[in-house]
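What follows draws every value from the coordinates through simple rules; no lab data is involved. Not measured: the values here are computed from a predicted model. Positions of Cβ are generated from backbone atoms using ideal geometry, with glycine treated the same way; all protein chains shown enter the neighbour counts.
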Amino acid sequence: MRHRVVTLVGPVQEMYPVTSASAVFGYHGPDIPEHYTFSLCAERPGPVRTTMGVDVIVERGLEALAEADTLLVSGWCAGPEVSPELGAAVLAAHARGMRIMAICSGVYVPASLGLLDGRAAATHWELADELAVRYPRIRPDASVLYVDHGDVATAGASATTVDLCLNQVRRDHGAALAMRIGRQLSAAPHREGGQRQYPGLPTTGPVPDSLAPLLDWITANLDRPLTVEDMAARSGLSRRTLSRHFTDQLGVSPGRWLLDRRIASTRALLEETDLPVETIAQRVGLSSAVNLRRRFHNALNTTPAAYRRSFR
């Protein structure tokens, strides 16, 4: 049975997070397994006004939550007030095991119900102060793309919807499937939950050029023993300038980004192939099985063999 994702919408609905989620959980062609269904619901079914100036027709009401496996609250919530009917339906579904993913101002739904008390929550930078005052037991974090607690996950801004949804795919079915869907959507491979969601622009000088060509080159050459000096030479920058651009644009150092990519590729190869660890280590540029096992354990707190058993 497919995992049922239900997206809660309401007026005036921004469609970007809705369509982004449907792109991740929808149909990807015959070569990618279909593990999810995607549908909409609204507190008041019928025409729902959107920011595009047109209505979408939503046929299902809150009864859809009774059968949902995941509820996506897609950032429509204009303020902190959640109706008793909506609150009761969400709490009942959560109690039976439904997962909640809240985008941007959708965080008010789990926050108002106490589901984030004592927890961190990824928060849009414009909402962080208000959320901290209104819900002092929550730890708002405006510096990350998303925070996932298993039963409740939050994402800061609409543009992080794909990141959060791919994270669910990764949790449910492993990194390889998430990477395949991400590649099909041309989702940037470098966006991870620990990175900044909206780094500040430099106060002087031009805005740094996109790092995308360099990141694509690194990803295509992971098997090489790349260094930060190699990356700097490829981009025509000094090591210091390159490091600053990585920190400004991605929130991590070049070396850290490179290691994260090598670990991600290792996960995909463990899931999709029977290659020995020594061979995988050579393919992802970690030089030896001993080095790969050490790096892999430090990153995921498990061994390559245990990971393969879990996801093959």
remark   = With +1 at each Lys and Arg Cβ and -1 at each Asp and Glu Cβ, the charge dipole magnitude of region 209-312 around its Cα centre, to the nearest 20 debye, comes out at 360 debye
inquiry  = With the cut-off at 1.5 for a/c, could you classify region 97-157 from its C-alpha gyration tensor as rounded, prolate or oblate?
reply    = oblate
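What net charge do the residues around Val284 carry, taking every other residue with its C-beta under 12 Å from that of Val284, with Lys and Arg at +1 and Asp and Glu at -1?
Result for the local shell: +3.
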key: Rounded, prolate or oblate (a/c below 1.5 giving rounded, otherwise prolate when a/b exceeds b/c) for region 1-127 by Cα gyration tensor   = rounded
ask   = Along each of its three principal axes, how wide is the spread of alpha-carbon positions in region 209-312, in whole angstrom units, largest first?
value = 41, 22, 21
ask   = What spacing in nm lies between the two simple spin-label points modelled at His149 and Glu59, each 7 Å away from Cα in the Cβ direction?
value = 3.5 nm
key: Length added when fully stretched, Arg96-Glu67, from 0.36 nm per residue minus Cα-Cα   = 9.5 nm
message = If I fit a long axis through the Cα atoms of helix 15-25 and take the longest principal axis of the Cα atoms of the chain, what angle between them do I get, 0 to 90°, rounded to 10?
response = 60 degrees
request  = Quote the charge dipole size of region 120-188 about the Cα centre in Debye, to the nearest 20; the model charges only the Cβ of Lys and Arg (+1) and of Asp and Glu (-1).
outcome  = 260 debye
ask   = Which whole-number percent is the relative contact order of region 209-312 (Cα, under 8 Å, 6+ apart)?
value = 25 percent
request  = Starting with the highest mean, order 33-41, 107-115, 235-243 by the number of other Cβ atoms within 10 Å, averaged over the residues of each peptide.
outcome  = 107-115, 33-41, 235-243
message = Just to be sure I understand the model, the point goes 7 Å from the Cα along the line to the Cβ. What's the resulting Arg137 to Ser253 distance in nm?
response = 3.9 nm
task = Place +1 on the Cβ of every Lys and Arg and -1 on the Cβ of every Asp and Glu in region 209-312, take the dipole about the Cα centre, and give the residue among Ala299, Thr219, Leu258 whose Cα lies farthest towards its positive end.
result = Ala299
ask   = Mind checking the angle between helix 289-300 and the chain's longest principal axis? C-alpha axes, 0 to 90 degrees, to the nearest 10.
value = 20 degrees
